[in-house]
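Asker: One structure, pasted below without further comment.
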Amino acid sequence: MPVTKSSIPEVISAIGALAKDGYFLYNVKKNTLDYTNSSLLKIFDISHTSFSSQPAFFINHILSEDLEHLQAEYSLFSRLNKVEDVLFRIKQHDGTFRYLQLNAYKYNNEYVVGIIKDVTELKEREEYVINYGAKKNSLLDMVTHNLAGPLHLSRNIIESIERNRISKVSDIQAQLELIKENTNHCIDIVNDFLEEEHLVSEHISVKANPFNVIEKLEIIIERIRKSYPDYSFKINTKQKDITIQADDVKFLQVANNLISNAVKFSPTKSTIEIAITESPKTVIIAFKDSGIGIPDSMKSALFQKNTPASRPGLMGEKSIGMGLYIVKKLVQLMNGQVDFESKENVGTTFTLTFPKDDIEHAS
């Protein structure tokens, strides 16, 4: 049975009454909301139902800078009669912000059917992972340049003094032994901490959800670009939206690790390229650098835990030999595959292959 004009409100209200997302029916000619479900009022933190028919009351909750974005999307809506996955923020009475996602469709030039999803938790989770990656990189830099190096140097100096000492005063010897023990202890703590930070990721459960691969990569690149302004980053793809069903948090971790590695082993002014290709069943993402490459003698052990193939970066960044081991673990958890090709003094390409379907059967 076709949906008639008179039955539109009934259909939307029937769906909206059961939905967790916000549903509304906007009457274009009357400039009123003919229907808003209770979930929409809850999302916008509106307790007075008398305001539920007034579009302006909802619009007033939207941040001004995001409202400009929505107005631009409305121009697109006028041509296509639909907009999808439009992100914007609202401010609630307690001063907190919420991230919302809008999908809207025009029907018969009289109604606009809208669905608003609260994606605050997803965005906060995404921000946490990105900030965690940035924090990890900062921590590694701090450990490398401000802590681990001086401690190693201190130990070497102490050993040198021991070998060349003239006086054998017992008190001096005792103090030297104490300093040496403490220095070794600090180095062990640093290495244990870094190893634990890497290992935590592989035990986090997999949560499958659809996401746009290009969008996630752009987020990572934007953050890394701020830390490494002397490098260029380029995404090569003919499409604007390539979606896979996987764990977006783990994907962000993997992408952050591979792009950071590409930077670490490439000279300044280099370009890191990311090529994305899509087939009916898979999505392939290749991270290519023009760095120092991987010697043939190290390739077989590259993904091993505590791999002997670990090397310091070109700027002296320390490696504990866990990064690529974790990358492979996380990719496998998402039912994907990681491969690489490398030639010394030419560069390295890491390739990720993910299925488009869900990962519920992944171990």
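Asker: How big is the C-alpha Rg of segment 212-282 next to the rule-of-thumb value 2.2 N^0.38 Å, as a ratio?
Answerer: 1.13
Asker: Less than 9 Å Cβ to Cβ from PHE97, Lys/Arg counted +1 and Asp/Glu -1: what total charge do the surrounding residues give?
Answerer: Local net charge: +3.
Asker: Taking the Cα-to-Cβ direction at LYS180 and at LYS29 and moving 7 Å from each Cα, how far apart do the two end points lie in nm?
Answerer: The modelled label-to-label distance comes out at 9.3 nm.
Asker: ILE221: net charge of surrounding residues, Cβ under 15 Å, Lys/Arg +1, Asp/Glu -1, itself excluded?
Answerer: Charge balance near ILE221 sits at -1.
Asker: Tell me the carbon and sulfur percent of the accessible area for segment 8-58, rounded to whole percent, probe radius 1.4 Å.
Answerer: Result for segment 8-58: 58 percent of the exposed heavy-atom area is carbon or sulfur.
Asker: How would you order 66-75, 96-105 from highest to lowest mean count of nearby Cβ atoms within 10 Å?
Answerer: Descending packing order for the listed peptides: 96-105, 66-75.
Asker: Same structure again: Do the alpha carbons of any pairs in LYS240/LYS269; LYS216/LYS240; LYS20/LYS356; LYS299/LYS329; LYS123/LYS305; LYS281/LYS305 sit beyond 22 Å of each other, and which pairs?
Answerer: LYS240/LYS269; LYS20/LYS356; LYS123/LYS305; LYS281/LYS305
Asker: What number comes out for accessible area per residue over segment 222-273 if the probe is 1.4 Å? Units Å², please.
Answerer: Accessible area per residue: 47 Å².
The values are calculated or read from the model by the stated rules, or taken from the named source; none is laboratory data. Just so it is clear, the structure is predicted and the values come from calculations on it, not from any experiment. Glycine gets a Cβ as well: all are built from the backbone with ideal geometry, and neighbour counts include every protein chain shown. Just so you know, the surface numbers come from the protein's heavy atoms only, side chains and all, with ligands and any DNA or RNA stripped out. Shrake-Rupley method; radii C 1.70, N 1.55, O 1.52, S 1.80 Å.
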